[in-house]
Amino acid sequence: MAQQVQGVIARAKGEPVRIETIVVPDPGPGEAVVKVQACGVCHTDLHYREGGINDEFPFLLGHEAAGIVESVGDGVTEVAPGDYVILNWRAVCGQCRACKRGRPQYCFDTHNAKQKMTLTDGTELSPALGIGAFAEKTLVAAGQCTKVDPAASPAAAGLLGCGVMAGIGAAINTGNVGRGDSVAVIGCGGVGNAAVVGARLAGAAKVIAVDIDDAKLQTAKSLGATHTVNSRAADPIEAIRELTDGNGADVVIEAVGRPETYEQAFYARDLAGTVVLVGVPTPEMRIDLPLLDVFGRGGALKSSWYGDCLPSRDFPMLIDLYQQGRLDLDAFVTETIALADVEKAFERMHHGDVLRSVVVF
């Protein structure tokens, strides 16, 4: 029987979000209903509200979540009622050309629930990243549920559902940071600071954090950065080179998503070094680089989608590290808030003083 619960809805571009009653259907084949315990407030949700993703309003926001499986539909074998899960937006299909080539982290046909959640008047909702977890319960494809150790705090564990995984994965999976490498991270918000953590987990000897905000740089240092550069006060390219014996970093992770910071990343890397773009640009942005420099510097220019993660592989491993005290996910939880405070959390993003606000149910 369908259930009615409260959820955060974005009705139109730029309008403040509101709490409304939504209808969650019983799970159909391959689907699961999850009772949400915590959900992080991610910049992607703000992009949805601002019409930066698409115009399929109204949106049910929220996607960075952990909770308990309440019920499952026919044919579901991955999870069962009572399982503690992190929700993910990469439920791999197993059949596309990426999956068949053994690269499921690039799956081109990820699964979402077939049924739609609705408002009480029948209006269909578009769930953010196919999840819609700013709600007491949500309907997802069963493959979007990844079982992890139930002892892990939901407020911390849920952050692996997007931002923290994106940053850690940009370093470990996309950048292939290795033992002894030098790494620079440009942009020290939630994703950038997660990249700092990922670089240290991978064994980087030197991790250089770059930002225009001293408070963010201090946070990066507390999370493992060995050096910091305020790019308002110093040329970040020259500063990174100076800190790497004049060579540039082995891996530079751009976590801002702007042409000027990408250009900094490009020129701040060593010859044959790697640039990883994990910051999300807007559609109108362009970059102009001399093609001879692209050729002459060699190396690799990569983009990182979701940290090139495979949830079934990466989430349990990272939760194990968290439980062992080797990965401080709690450090990313700046505040816990109520569902009614999501709009205020969006406002706080503009001030740059939070890594994550997390809705706790």
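The values are calculated or read from the model by the stated rules, or taken from the named source; none is laboratory data. Note that this is a predicted model, so its numbers are computed, not measured. Every residue, glycine among them, receives a Cβ derived from its backbone with ideal geometry; neighbour counts consider all protein chains shown. The protein model used for the area step is the full one, side chains on, heavy atoms only, and it has no ligands, DNA or RNA in it. Shrake-Rupley method; radii C 1.70, N 1.55, O 1.52, S 1.80 Å.
Scanning region 310-345 for residues that are in a helix (DSSP H, G or I), touching an Asp or Glu at 6+ places or on another chain (Cβ under 9 Å) and either of a type in the set (V, I, T) or buried (at least 20 other Cβ atoms within 10 Å of the Cβ) (or both) turns up I319, Y322, V342, A345. Being within 23 Å of the chain's Cα centre (by Cα), in a helix (DSSP H, G or I) and of a type outside the set (S, T, Y) is the filter here, so list the residues in region 243-262 that pass it. Passing the criteria: P259, E260. All of I253, I237 fail the test of being more than 30 Å from L87 (Cβ to Cβ) and either open to solvent by less than 50 Å² (accessible area, probe 1.4 Å) or hydroxyl-bearing (S, T, Y) (or both), apart from I237.
Taken over region 185-222, the criterion of being more than 19 Å from the chain's Cα centre (by Cα) and either in contact (Cβ under 8 Å) with a residue 60 or more places away in the chain or open to solvent by 50 Å² or more (accessible area, probe 1.4 Å) (or both) is satisfied by A205, K206, I212, D213, D214, A215, Q218, K221, S222. Looking at I9, I19, just one residue is surrounded by fewer than 19 Cβ atoms within 10 Å (Cβ to Cβ) and under 26 Å from the mean Cα position of the chain (by Cα), and that residue is I19.
Restricting V358, V354 to those that are among the β-branched types (V, I, T), touching a strand residue (DSSP E or B) at 6+ places or on another chain (Cβ under 8 Å), modelled with pLDDT under 95 and not in a helix (DSSP H, G or I) reduces the list to V354. Of the numbered criteria (1) under 28 Å from G51 (Cα atoms); (2) surrounded by fewer than 16 Cβ atoms within 10 Å (Cβ to Cβ), the one T261 fails is (2). Among the residues of region 270-302, those identified as surrounded by 21 or more Cβ atoms within 10 Å (Cβ to Cβ) and touching a residue at least 40 places away in the same chain (Cβ under 8 Å) are D270, T274, V276, V278, G279.
Results for (1) among the hydroxyl-bearing types (S, T, Y); (2) under 21 Å from D341 (Cα atoms); (3) in contact (Cβ under 8 Å) with a residue 40 or more places away in the chain, shown as yes or no for each residue.
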position: P29; (1), (2), (3): no, no, yes
position: V34; (1), (2), (3): no, no, yes
position: Y48; (1), (2), (3): yes, yes, yes
position: D55; (1), (2), (3): no, no, yes
position: R97; (1), (2), (3): no, no, no
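When you go through G158, G180 one by one, which is the residue that is open to solvent by 30 Å² or more (accessible area, probe 1.4 Å), out of contact with any helix residue (DSSP H, G or I) (no Cβ under 7 Å at 6 or more places or on another chain) and of a type in the set (G, A, S)? Criteria check complete, one pass: G180.
You will find that of V229, V210, the residue that is more than 23 Å from S304 (Cα to Cα), of a type outside the set (S, T, Y) and in contact with a Pro (Cβ under 7 Å, 6 or more places away or on another chain) is V229 and no other.
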